[in-house]
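Peer 1: What follows is a structure written as structure tokens; I'll ask about it next.
The values are calculated or read from the model by the stated rules, or taken from the named source; none is laboratory data. Owing to the predicted nature of the structure, the values given are computational and were not obtained by experimental measurement. Positions of Cβ are backbone-derived with ideal geometry, glycine not excepted, and every protein chain shown enters the neighbour counts.
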Amino acid sequence: MSENVPAHIAQKLLDLQNRLDEAEQFIDAIKAGEVDAFAFQNNDIPEVYTLQSGDYAYRVLIEEIDEGGINVTEEGTVVYSNNYFLKLVDLPYDQVIGRTIFDFVDDASKDDFKKMFLESRQGKSKGEINLFVNDRVLPVYVSLTSLQPKLATVGIIISDLTYKKLHENIIIEYQKDLERKNLELMRSNAELASFAYIASHDLQEPLRKIQAFIGRILDSEAASLSEKGKDYFSRVQSAAVRMQALIDDLLSYSRTNTTDNNFEKSDIGKIIHQVKDLLKDELDQKKATMEINVNCQVDIIPFQFRQMVINIITNSIKFSKEGKPLHIVVTSRIANADELGFKKLFPEKKYCHLSISDNGIGFEQKYSEKIFELFQRLHGKNGYPGTGIGLAIVKRIIENHYGFIEARAEVDKGATFDVYIPEATGR
């Protein structure tokens with residue numbers, strides 16, 4: 001120090017030099033990661049300043065997220081790993097750091113990962129690969145980012161896809177199963193179409209001959225027959241008529257499944273009145289009255305819908321009370337599903353609720369589902385003729401319309417059929 005410098009100035013210069021040396025040491029300590037906090041005096045009050053900000057916050061984030069996070073050199077050597085990646089590969093820290101990332105990549109994915117790794121050194125890359133650790137394959141999604149020019153490393157974020165792949169496999173298996181069932185359905189429909197052809201041609205021809213020859217025998221040879229013989233022939237004739245009805249109904253049932261579903265916006269009221277005209281003779285025989293209050297415009301397959309109404313009205317005629325005029329009430333309304341109170345309806349849709357009620361013999365409510373099954377009858381064929389297919393056809397037609405049906409009844413108090421058809425098909 002120059003002898004010409006005053007002592008107090010020399011002391012200040014010395015203090016400044018000491019403080020500068022301390023600051024340089026402190027900066028070196030921060031760079032080396034040896035300091036997490038420091039204290040200083042502010043107006044004789046000690047204050048502590050921590051480094052839990054900036055980079056430290058990011059380090060905490062990387063450690064806490066549920067994603068694997070690693071840093072690798074440009075050659076692929078792992079120089080940092082967060083805890084999640086260690087858990088993912090089920091290895092301790094000292095068995096991960098210092099190894100190449102390629103050691104953890106499944107052989108089948110190595111070529112793809114090498115391409116991604118080379119791309120990431122110029123910027124970023126991402127994709128799906130498989131890791132192979134502890135004799136198990138682990139599907140993951142990797143996102144690689146070059147940290148140049150700040151660091152000569154590549155940052156990799158790794159997402160476990162195990163559960164995602166599991167769900168994808170379940171969906172794939174479900175789709176395969178659905179495809180198999182569709183093929184089975186196509187084969188079943190082809191068989192049904194074949195049956196329909198046989199029923200409409202090969203079966204009906206001999207049946208018509210049986211009916212014709214029995215009729216001729218009864219007309220021309222009745223005098224030569226005993227009463228027992230006449231009875232036998234009459235029974236054969238009745239059986240042939242029932243057989244004809246059964247074939248006709250089975251054909252109707254098969255056609256509800258194989259016919260093209262051409263939906264049209266139609267006035268259901270007009271169809272109800274058409275059915276009333278078609279069944280005029282049968283209704284007159286029962287001295288029946290029909291009260292119709294129907295005003296719905298909905299998407300339907302007209303001829304199928306007409307057949308459905310015919311079958312329900314015919315059912316009312318068949319099961320009317322002996323000696324009491326039949327009274328049928330048909331009503332309708334369009335409403336939201338929640339207004340109609342039927343649990344099976346889809347809440348976002350509007351439905352036409354068609355109700356057909358009668359004052360016939362009814363049935364026990366416990367049979368309300370059974371009556372829609374194929375060949376199911378609640379009464380013997382002698383008292384109430386039929387094939388047990390009519391209401392099964394009704395249910396099939398309503399299913400073709402994406403609708404629902406339920407039956408309500410009491411013995412001797414009549415029956416009500418509630419039909420719910422979507423206002424628009426929305427297929």
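Peer 1: Given the criteria within 37 Å of the chain's Cα centre (by Cα) and at pLDDT 90 or above, does residue 334 qualify?
Peer 2: no
Peer 1: If you don't mind, another one. Taking the range 320-344 as the search range and keeping residues that are surrounded by 21 or more Cβ atoms within 10 Å (Cβ to Cβ) and among the hydrophobic types (A, V, I, L, M, F, W, C), which one is farthest from residue 265 (Cα to Cα)? Let's see the steps before the verdict.
Peer 2: First pass over the range 320-344, keeping only residues surrounded by 21 or more Cβ atoms within 10 Å (Cβ to Cβ): 320, 326, 328, 330.
Narrowing further to those that are among the hydrophobic types (A, V, I, L, M, F, W, C): 326, 328, 330.
Values: 326: 31, 328: 26, 330: 20 Å.
Going through the qualifying residues, I end up with 326.
Peer 1: Step by step: first the residues of the range 337-377, then only those that are of a type in the set (A, V, I, L, M, F, W, C) and under 28 Å from residue 242 (Cβ atoms), then the one that is farthest from the chain's Cα centre (by Cα). Which residue is that? Reasoning before the result, please.
Peer 2: Filtering the range 337-377 down to residues of a type in the set (A, V, I, L, M, F, W, C) leaves 337, 340, 342, 345-346, 352, 354, 356, 361, 363, 371-372, 374-375.
Retained after the next criterion (residues that are under 28 Å from residue 242 (Cβ atoms)): 356, 361, 363, 371-372, 374-375.
On the way: 356: 32, 361: 41, 363: 36, 371: 29, 372: 26, 374: 28, 375: 31 Å.
Among residues in the range 337-377 that are of a type in the set (A, V, I, L, M, F, W, C) and under 28 Å from residue 242 (Cβ atoms), the one farthest from the chain's Cα centre (by Cα) is 361.
Peer 1: How do the pairs read when you match residues in the range 211-222 that are part of a helix (DSSP H, G or I) with residues anywhere that are among the basic types (Lys, Arg), using Cβ under 8 Å and keeping only pairs 6 or more apart or on different chains?
Peer 2: Short answer, once both residue conditions are applied: 218/230; 222/230.
Peer 1: Being surrounded by fewer than 19 Cβ atoms within 10 Å (Cβ to Cβ) and more than 31 Å from the chain's Cα centre (by Cα) is the filter here, so list the residues in the range 280-305 that pass it.
Peer 2: Those that are surrounded by fewer than 19 Cβ atoms within 10 Å (Cβ to Cβ) and more than 31 Å from the chain's Cα centre (by Cα): 280, 281, 282, 284, 285, 287, 289, 291, 292, 293, 295.
Peer 1: On to the next question. Can you tell which of 421, 371 is among the β-branched types (Val, Ile, Thr), modelled with pLDDT of 80 or more, touching a helix residue (DSSP H, G or I) at 6+ places or on another chain (Cβ under 8 Å) and not in a strand (DSSP E or B)?
Peer 2: Details: 421 fails: not in a strand (DSSP E or B).
Exactly one of 421, 371 is among the β-branched types (Val, Ile, Thr), modelled with pLDDT of 80 or more, touching a helix residue (DSSP H, G or I) at 6+ places or on another chain (Cβ under 8 Å) and not in a strand (DSSP E or B), namely 371.
Peer 1: Here is a further query. What are the pairs, 6+ residues apart or on separate chains, where a residue within the range 223-250 that is without any contact (Cβ under 8 Å) to a residue 24 or more places away in the chain has its Cβ under 8 Å from a residue that is not in a helix (DSSP H, G or I)?
Peer 2: 233/225
Peer 1: Restricting to the range 139-157, name every residue that is under 15 Å from residue 79 (Cα atoms) and in contact (Cβ under 8 Å) with a residue 40 or more places away in the chain.
Peer 2: Listed by number, the residues that qualify are 147, 151, 152, 153, 154, 155, 156, 157.
Peer 1: Residue by residue through the range 140-157, note down the ones that are more than 15 Å from residue 84 (Cα to Cα), in contact with a strand residue (DSSP E or B) (Cβ under 7 Å, 6 or more places away or on another chain) and not small (Gly, Ala, Ser).
Peer 2: Of everything in the range 140-157, those that are more than 15 Å from residue 84 (Cα to Cα), in contact with a strand residue (DSSP E or B) (Cβ under 7 Å, 6 or more places away or on another chain) and not small (Gly, Ala, Ser) turn out to be 144, 145, 147, 153, 154.
Peer 1: With the condition being in the same structural domain as residue 392 (by TED's automatic domain parsing) and under 22 Å from residue 410 (Cα atoms), I'd like the strands (runs of 3 or more DSSP E) fully within the range 281-357 carrying at least 2 qualifying residues.
Peer 2: By residue number, 289-293, 327-336.
Peer 1: Further question: Could you list, in sequence order, the residues of the range 81-119 that are in a strand (DSSP E or B), in contact (Cβ under 8 Å) with a residue 24 or more places away in the chain and surrounded by 15 or more Cβ atoms within 10 Å (Cβ to Cβ)?
Peer 2: 105
Peer 1: Residue 130 versus (1) of a type outside the set (A, V, I, L, M, F, W, C); (2) in the same structural domain as residue 78 (by TED's automatic domain parsing); (3) buried (at least 16 other Cβ atoms within 10 Å of the Cβ); (4) part of a helix (DSSP H, G or I): which is the lone unmet condition?
Peer 2: (4)
Peer 1: Do we find that residue 131 is touching a strand residue (DSSP E or B) at 6+ places or on another chain (Cβ under 7 Å) and aliphatic (A, V, I, L, M) in this structure?
Peer 2: Taking the combined requirement at face value, the residue satisfies it.
Peer 1: What number of residues within the range 377-418 satisfy the criterion of being polar (S, T, N, Q) and either surrounded by fewer than 18 Cβ atoms within 10 Å (Cβ to Cβ) or at pLDDT 90 or above (or both)?
Peer 2: Count: 2.
Peer 1: Still on this model: Suppose we filter 226, 254, 234, 266 for residues that are surrounded by 12 or more Cβ atoms within 10 Å (Cβ to Cβ) and at pLDDT 85 or above; which single one remains?
Peer 2: 266
Peer 1: Could you figure out which of (1) exposed (fewer than 12 other Cβ atoms within 10 Å of the Cβ); (2) at pLDDT 75 or above isn't true of residue 19?
Peer 2: So residue 19 meets the others, but not (2).
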